[in-house]
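Structure, as structure tokens:
Bear in mind these aren't lab numbers, they're just calculated from the coordinates by the rules spelled out. Just so you know, these numbers come straight off a predicted model, no measurement behind them. A quick note on method: Cβ atoms are made from the backbone with ideal geometry, for glycine too, and the neighbour counts reach across all protein chains shown.
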Amino acid sequence: MTRQARIRFPISAFHPFSGASRTLFEFLISNFEFSLKTALVLFDIDQTILHSGGAGEKALTLALRDRFGREETLDNIEIAGKTDVWIAHRIFEAHGIEPRPENVDRFLNGYLEYL
């Protein structure tokens with residue numbers, strides 16, 4: 001029988017001045033009940049594990065073209081290690097697009113279609 005994972009996230013656990021001496025790993029281990037099937041999730045924001053050949057930047061450029069009719073490049077936009085929303089806001093600033101939530105959603109949905 002598999003037991004469901006339960007987690008508690010007290011705000012103080014993430015506050016940098018909470019005085020907590022435990023590491024994030026220790027916190028997570030002490031607050032999860034693990035099933036026999038455990039998944040490992042890796043985030044590779046600096047491309048040390050996986051190289052995509054520029055697929056992300058290509059998808060961003062295509063989404064900008066398809067959703068907003070802009071053919072501009074992303075040469076002056078720092079992408080590596082940034083979140084999708086941060087990147088969308090910088091692209092909008094650089095190309096004069098209003099960063100309204102509906103525009104961000106429309107852009108990121110287009111980006112995901114091209115990935």
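Stretch residue 51-residue 84 to full length: gain in nm at 0.36 nm per residue minus the Cα-Cα span? Provide the component values of the computation, followed by the final result.
Values: separation 33, 0.36 × 33 = 11.88 nm, distance 1.75 nm.
The residue 51-residue 84 span can extend by a further 10.1 nm.
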Inset, instruction - Could you line up 108, 42, 115 from fewest to most neighbouring Cβ atoms inside 10 Å? - result: 42, 115, 108
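Over segment 55-114, what is the relative contact order in percent, taking alpha-carbon pairs closer than 8 angstrom and at least six residues apart? Each step should come with its number before you reach the end.
Working: 48 pairs, mean separation 27.8, N = 60.
Relative contact order of segment 55-114: 46 percent.
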Inset, instruction - Could you please rank 91, 49, 97, placing first whichever residue has the fewest other Cβ atoms within 10 Å of its Cβ? - result: 49, 97, 91
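In which sequence would 104, 41 go, from the one with the fewest C-beta neighbours within 10 Å to the one with the most? Before the final figure, lay out each step's value.
Working: 104 18, 41 4.
So the residues, fewest neighbours to most, are 41, 104.
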Legend entry - Karplus-derived HN-Hα couplings along segment 97-103 (A = 6.51, B = -1.76, C = 1.60, θ = phi - 60°), whole Hz, x at Gly and Pro: 9, 5, x, 6, x, 5, 5
